C-alpha cells in the first residue's frame, strides 16, 4: 500500500525528516507517535505534497507509484487523503459547495462522470447522519465559526465521501472532548477495510483506545526509532518519550 524509503525533508533550510523508513500494508492502521518537534506533521505534509517542504532524498510509494513525482491533486485522485490538525476556514465558500467540488474534481481526474445533484445530496445526507453533522453546518461557510469538534467531524465527513485508499489523520484528537473524539473515531472505524489503510498521527494514547492500531511507530528527531504493536502506545503513555529521544540522538 504505502512504502516510505529513506525520506529526508527540510523547510527553510532546516532538516526535519532524517531518513524515515515505513511500510503500511493494505488494510492496516498504523499509528505514529512522538514528542513535539519530532517531524510527525511534516511527514504527513510531505506525503500529501504540501508546498514549502523540500524533499532532499528518498521515495514515497503508494500502490507501486512514487507519488513524490506527481502533484498534490493527482495524489488525492489516486486515493490519498490528509485530515489536518487545524482545518482551514474558507469564508464565502459553503460547505456543500466545497464538498461537491472536491468529489467531482477527483472523479474528473479519474475519468469518471460528475455526480448529479440528487446523487450528491443523497450521499452527503447519509454520511452526515452517521457522523452527527447537522444539516445547518453544511449550509455555512467551510469551517467558519465551527468548534474544534465540528471541524474534525467535517473532515471525517469529507473522508467518508471521498473514500480514499490511504487516509492520514494528523492529530485528529487535538482539541476534542470525549464525545467528539468518540464520534470521529467511529467515523474512521466505519471506513476500515482490507482495501483501505490509515496513518494515525497522535501525541496521546487516548485516541488509540478508539481507533485501535495494528502497529505503532515512534518518530523521534526525524526518523523511526521503534516499532511495535498496540501495547507500545500504552508503554509510551506510562513512560513518555525520554528513552526514544535518547535513542535518536
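Only the coordinates and a few stated rules stand behind these numbers; no lab work does. Predicted model, so just to flag it, every value in this text is computed and none were measured. Don't worry about glycine lacking a Cβ; one is built from the backbone with ideal geometry, like all the others, and counts go over all protein chains shown.
For this structure, a couple of remarks:
- Relative contact order (%) - segment 1-86, alpha-carbon pairs under 8 angstrom, separation at least six: 34 percent
- For segment 2-248, the direction-averaged projected area of the alpha-carbon convex hull comes to 13.1 nm².
- Mean separation of Cα contacts under 8 Å (6+ apart) over length of the chain, as relative contact order %: 28 percent
- The fewest-to-most ranking of 241, 204 by surrounding Cβ atoms within 10 Å reads 204, 241.
- Taking other C-beta atoms within 10 Å as the exposure proxy, 138, 236 rank 138, 236 from fewest upward.
- Stokes-Einstein D for segment 102-177, Kirkwood Rh over Cα pairs, 37 °C, 0.692 mPa s (µm²/s): 241 µm²/s
- Using alpha-carbon coordinates, inclination of helix 95-109 to the longest axis of the chain, degrees: 70 degrees
- For the chain, the longest principal axis of the alpha carbon atoms and the long axis of helix 117-131 meet at an angle near 50°.
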